[in-house]
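Take a look at the structure set out below.
The values are calculated or read from the model by the stated rules, or taken from the named source; none is laboratory data. Here the structure is a predicted model, which is why all the values come from computation and not from measurement. Counting neighbours? That spans all protein chains shown, and the Cβs are built from the backbone with ideal geometry, glycine included. Heavy atoms of the whole protein, side chains included, go into the accessibility calculation; ligands, DNA and RNA do not. Shrake-Rupley method; radii C 1.70, N 1.55, O 1.52, S 1.80 Å.
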Amino acid sequence: SGDSAYLNFTPSSAGNRKTWTWSAWVKRTKLGSEQALFNAWSDNSNRTITRFSSGDQLQFFYQSGGTFYGLTTAQVFRDPSAWIHVVFVLNTSDSTEADRAQIYINGSRIADGDLSAFSTGKYPPQNTEYQVNSTIAHHIGARKESSAFTSTYLNGYLADIHFVDGSALDA
């Protein structure tokens with residue numbers, strides 16, 4: 001965050017806003033602060049955020065029309081010497097509620113959709129469209145809202161980042 005580095009892109013045309021997969025290798029260098037991995041923001045009622053919380057948990061939040069949903073892992077990530085493989089999957093077209101939002105860490109699905117393994121959680125309604133893959137700015141390594149960056153730059157390294165439009169893939 002010292003140099004406020006991040007990547008951004010704006011899709012030239014909308015893709016699948018119900019189903020996608022984001023994957024990256026992450027190595028943190030600072031603990032105990034909120035740090036964004038990936039986000040897309042339209043306004044304060046419509047956004048998608050993946051981040052580490054100030055409690056060092058992974059969070060996957062999505063909001064549409066002011067209704068907020070999200071998952072927070074019970075597991076904490078506090079080893080600044082370790083690379084971890086993180087996969088976020090959104091598939092609101094899935095008929096199984098617990099399969100509509102998924103987090104994988106190092107090849108294993110967190111709790112296999114069992115909500116009790118998350119300290120908080122709420123799965124999105126079926127067929128809801130979110131901001132990712134719309135024609136708005138998407139950010140990697142930072143969170144931008146209201147045309148200003150928040151203090152949630154990633155302190156760490158990202159490698160081998162992949163975004164797959166229209167597919168809900170496992171790790």
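Structure values in brief
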item: Of all residues in the stretch 15-34 being part of a strand (DSSP E or B) and either basic (Lys, Arg) or under 14 Å from Glu145 (Cα atoms) (or both), the one that is modelled with the lowest pLDDT; result: Arg28
item: Filter pass, Tyr157 being open to solvent by less than 70 Å² (accessible area, probe 1.4 Å), part of a strand (DSSP E or B) and modelled with pLDDT of 90 or more; result: no
item: Which listed residue is without any contact (Cβ under 8 Å) to a residue 24 or more places away in the chain, within 29 Å of Pro11 (Cα to Cα) and among the hydroxyl-bearing types (Ser, Thr, Tyr), from Ser54, Ser45; result: Ser45
item: Any chance Asp56 is on the phi > 0 side of the Ramachandran plot and out of contact with any Ser or Thr (no Cβ under 7 Å at 6 or more places or on another chain); result: yes
item: Residue that is surrounded by the most Cβ atoms within 10 Å (Cβ to Cβ) [pool: residues in the stretch 47-66 that are over 14 Å from the mean Cα position of the chain (by Cα) and under 11 Å from Tyr130 (Cβ atoms)]; result: Ser64
item: Evaluation of Val86 against (1) outside any helix (DSSP H, G or I); (2) at pLDDT below 85 (one fails), failing number; result: (2)
item: Residue within the stretch 101-124 that is in contact with a Phe, Trp or Tyr (Cβ under 8 Å, 6 or more places away or on another chain), in a loop (DSSP other than H, G, I, E, B) and at pLDDT 90 or above present; result: no
item: Qualifying residue in the stretch 62-81 (condition: in contact (Cβ under 8 Å) with a residue 12 or more places away in the chain, under 16 Å from Leu154 (Cβ atoms) and β-branched (Val, Ile, Thr)); result: no
item: Subset of the stretch 66-80 [out of contact with any strand residue (DSSP E or B) (no Cβ under 7 Å at 6 or more places or on another chain) and not in a strand (DSSP E or B)]; result: Gly66, Arg78, Asp79
